[in-house]
Amino acid sequence: MNEEIAMKAFGALSNETRLRVVKLLVAAGPEGSSAGDIAEQIGASPSRASFHLSALSETGMVTSERQARSVRYFIDFQALGSLANFLLEDCCQGNADARACCEPSNGCCS
């Protein structure tokens, strides 16, 4: 991942609604979630949810698939992992203290 792509992704995640969408899609796992369900769960109109989903899709963190008359959205775990890796490896230059804070045993991610 290069710096330009990372900046776009972090920019998209800096929006409260988009961050909630990402968390929702991570929780949904490989089954993803329909656009209507996402809109309902984040408390947004379908057009507003679509706006945020489009912004996340542009970063590559969210993908979509048309299923009959609806669209289903999925988190791209590879893209999300690449973003986290960019932060830890590139920005933090592999700093042991930065990496240690992300260990599940430290409780920061629970």
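Taking the conditions (1) modelled with pLDDT of 95 or more; (2) over 12 Å from the mean Cα position of the chain (by Cα); (3) of a type in the set (D, E, K, R) in turn, E3 satisfies each one other than (1).
For L80, the conditions (1) assigned to a helix (DSSP H, G or I); (2) open to solvent by less than 30 Å² (accessible area, probe 1.4 Å) are fulfilled apart from (2).
Regarding A35, is this residue out of contact with any Cys (no Cβ under 6 Å at 6 or more places or on another chain), farther than 23 Å from N2 by Cα, open to solvent by less than 40 Å² (accessible area, probe 1.4 Å) and at pLDDT below 95?
Judged against the criteria, A35 is a match.
With respect to the conditions (1) of a type in the set (S, T, N, Q); (2) open to solvent by 80 Å² or more (accessible area, probe 1.4 Å); (3) without any contact (Cβ under 8 Å) to a residue 60 or more places away in the chain, S70 lacks only one, and its number is (2).
Each residue in segment 1-28 was checked for being in contact with a helix residue (DSSP H, G or I) (Cβ under 9 Å, 6 or more places away or on another chain), part of a helix (DSSP H, G or I) and either open to solvent by 50 Å² or more (accessible area, probe 1.4 Å) or not hydroxyl-bearing (S, T, Y) (or both), and 18 of them qualify.
The values are calculated or read from the model by the stated rules, or taken from the named source; none is laboratory data. A quick note: this is a predicted structure, and the numbers were derived from the prediction, not measured. In this analysis, Cβ positions are derived from the backbone assuming ideal geometry, glycine residues included, and neighbour counts consider all displayed protein chains. The protein model used for the area step is the full one, side chains on, heavy atoms only, and it has no ligands, DNA or RNA in it. Shrake-Rupley method; radii C 1.70, N 1.55, O 1.52, S 1.80 Å.
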